[in-house]
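Read through the structure below, which is laid out as structure tokens, and then see the notes.
The values are calculated or read from the model by the stated rules, or taken from the named source; none is laboratory data. This structure is a prediction, so every number in the text was calculated from the model and none was measured. Quick reminder, even Gly has a Cβ in these numbers, built from the backbone with ideal geometry, and neighbours come from all protein chains shown.
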Amino acid sequence: MAEQARSIAIIGAGVIGTAAAFALSREGWRVVLFDRAPPGEAGASFGNAGHVATELVEPLPAPALLFNFWRELFVLGGVLDIPLRRILSPWAMRFARAAFQRREHTALLAPFVRPAVPALIELLAQAERPDLIRQNGHFQVWMGRSAARDAQAQAKAMEKLEVATRPAPAEVVEAARNAARAEHGAGLWFPNCAHVLDPLEVVRAFAAAARKLGASFQRHEVMAIRPAPEGCEVVTPGSSTRVTAAVVCAGVWSGPLLKPFGLKVPIEAARGYHVQMPDAAPLVDAPIVYSDQNIVVTPMAGRMRATSFMEFTASDAPADPRKAAWLRASVRELGYTCDEAAPAWVGPRPVLPDYLPAIGRSAALPGLYYAFAHQHIGLTLAAVTARAVADLVAGRPRPDLTGFDLRRFGG
Ligand SMILES: Cc1cc2nc3c(=O)[nH]c(=O)nc-3n(C[C@H](O)[C@H](O)[C@H](O)COP(=O)(O)OP(=O)(O)OC[C@H]3O[C@@H](n4cnc5c(N)ncnc54)[C@H](O)[C@@H]3O)c2cc1C
């Protein structure tokens, strides 16, 4: 059994775990990062849209969605795939309850999301990879008959939330409209958003920067965390590692590691798909959110990436080939070069029913912390969360995190 002084284990080397590993290494902790796969390769962080989405200050559950979600169902041509038994599940009931607490939940989430761009820029600069992020904002476009009205309504909604928007430059809207051969077009520019050129490289950058400061990486499945004298023990097949503290950053797989400590984790995988388009040309050097199609297209290093779908199913269920096929056909209709062989991927967004993250500390085992469930904005929140975890572990006073404590689910 390995023994370390002032050491901290991080379970999960996605973007949240590696960002936390780097932040804690910078504070002098001896970090041991665990993952069953190389950093960034096995979870949602591998294939996201690369959008640093500071406009998403509201959690998703909303009364309007409860009444209109059926319009988005996959069986009706939409991007939401949720089987009936999940619509009637306790998770969905909690989601419905959260819809009526949206204002309070926004008050908790918004202050966390707003500083995300400068925080990520700073952490990537500290990791010596400032080149991975571009702060050109993002564009949202509409191309239906009501495009102009839709854009106006969105601008108003964003203004209420204090999210800055400007009318998208005419040349951007024209480029999108011409490429899609659409009759109508309108768009907004969100100047305070950003995008990364490669989400996997972001994870690798944080992992490498942590390693430079002495962090080690153990490629193992973590089976359990156990209390140990002056800390805890991380159990992997055939061995265990004694540490002063541990942080569970295992995305959608975090529940079983925390359950023994009385924490309830009603988490679901809201899976999303991407296709990569190595031959497609960007219309602009920023993500474009195609509102009518619910597709985000992001320019990345050496390729374009299109993402979509919310598929509620087991995190390890086989990919549904119809979804990649739909994405390929849809981006072709939008004017992008995308052949049938365009590589596709599916990955699990970790979502709690109130769409707030889980960040906190176990009461049963004081050296045990957690940071996961960053829903659709885990890349966005990685640096902010890393800072919050470092503050929590150091016992520094910081803005109240009780809204993200798992005890909100009982236990
Ligand atoms: C299609 C799609 C598009 C998205 N677009 C965006 C976007 O544009 N912007 C944005 O901000 N977010 C986006 N997201 C969400 C974002 O990707 C996630 O919120 C984020 O990646 C979650 O990071 P994580 O580190 O918590 O989890 P993960 O990346 O899932 O990492 C968890 C890691 O834990 C490891 N692990 C789990 N259990 C164990 C165990 N017992 N032992 C060892 N290792 C374990 C796994 O192997 C995995 O590597 C998107 C997601 C998807 C699917």
**Q.** Failed condition for Pro318, given (1) assigned to a loop (DSSP other than H, G, I, E, B); (2) crowded, with 21+ Cβ neighbours inside 10 Å
**A.** (2)
(Q) Of all residues being crowded, with 17+ Cβ neighbours inside 10 Å and touching a residue at least 24 places away in the same chain (Cβ under 8 Å) in region 220-235, which is farthest from the ligand (Cβ to nearest atom)? Just the residue, please. (A) Gly231
Q: Would you please list the contacts, defined by Cβ atoms under 8 Å and residues six or more apart or on different chains, that run from a residue in region 295-307 that is under 14 Å from His138 (Cβ atoms) and in contact (Cβ under 8 Å) with a residue 40 or more places away in the chain to a residue that is surrounded by fewer than 23 Cβ atoms within 10 Å (Cβ to Cβ) and charged (D, E, K, R)?
A: Pro299/Asp285; Met300/Asp198
Q | Residue within region 311-321 that is closer than 15 Å to Gly77 by Cα and of a type in the set (Asp, Glu) present | A | yes
Q: Could you tell me which numbered condition Leu123 fails, if it satisfies all but one of (1) touching a residue at least 12 places away in the same chain (Cβ under 8 Å); (2) surrounded by fewer than 17 Cβ atoms within 10 Å (Cβ to Cβ); (3) not assigned by TED's automatic domain parsing to the domain that holds Glu333?
A: (2)
(Q) List pairs: first residue in region 252-278 and within 17 Å of Glu311 (Cβ to Cβ), second residue more than 8 Å from the ligand (Cβ to nearest atom) and among the charged types (D, E, K, R) anywhere in the structure, Cβ distance under 6 angstrom, at least six positions apart or on different chains. (A) Arg271/Glu311; Tyr273/Lys323; His274/Arg305; Val275/Arg328
Q. What is the one condition in (1) closer than 30 Å to Leu84 by Cα; (2) assigned to a loop (DSSP other than H, G, I, E, B) that Pro348 does not satisfy?
A. (2)
Q) From the list Asp400, Asp391, Asp405, Asp354, which residue is at pLDDT below 95 and acidic (Asp, Glu)? A) Asp400
**Q.** Looking only at region 359-411, and only at residues there that are within 13 Å of the ligand (Cβ to nearest atom) and assigned to a strand (DSSP E or B), the one that is surrounded by the fewest Cβ atoms within 10 Å (Cβ to Cβ)
**A.** Ile359
Q.
Is it the case, given these coordinates, that Glu128 is over 21 Å from the mean Cα position of the chain (by Cα), of a type outside the set (Ser, Thr, Tyr), under 30 Å from Ile16 (Cα atoms) and surrounded by fewer than 14 Cβ atoms within 10 Å (Cβ to Cβ)?
A. yes
Q | Yes/no for Val296 being within 16 Å of the ligand (Cβ to nearest atom), within 27 Å of Leu88 (Cα to Cα) and in the same structural domain as Trp91 (by TED's automatic domain parsing) | A | no
Q.
So, in region 44-73, how many residues would count as being within 15 Å of the ligand (Cβ to nearest atom) and either within 19 Å of Ala324 (Cβ to Cβ) or at pLDDT below 95 (or both)?
A. 6
(Q) Residues that are in a strand (DSSP E or B), away from the ligand (no atom under 16 Å from the Cβ) and charged (D, E, K, R): does region 28-38 have at least one? (A) yes
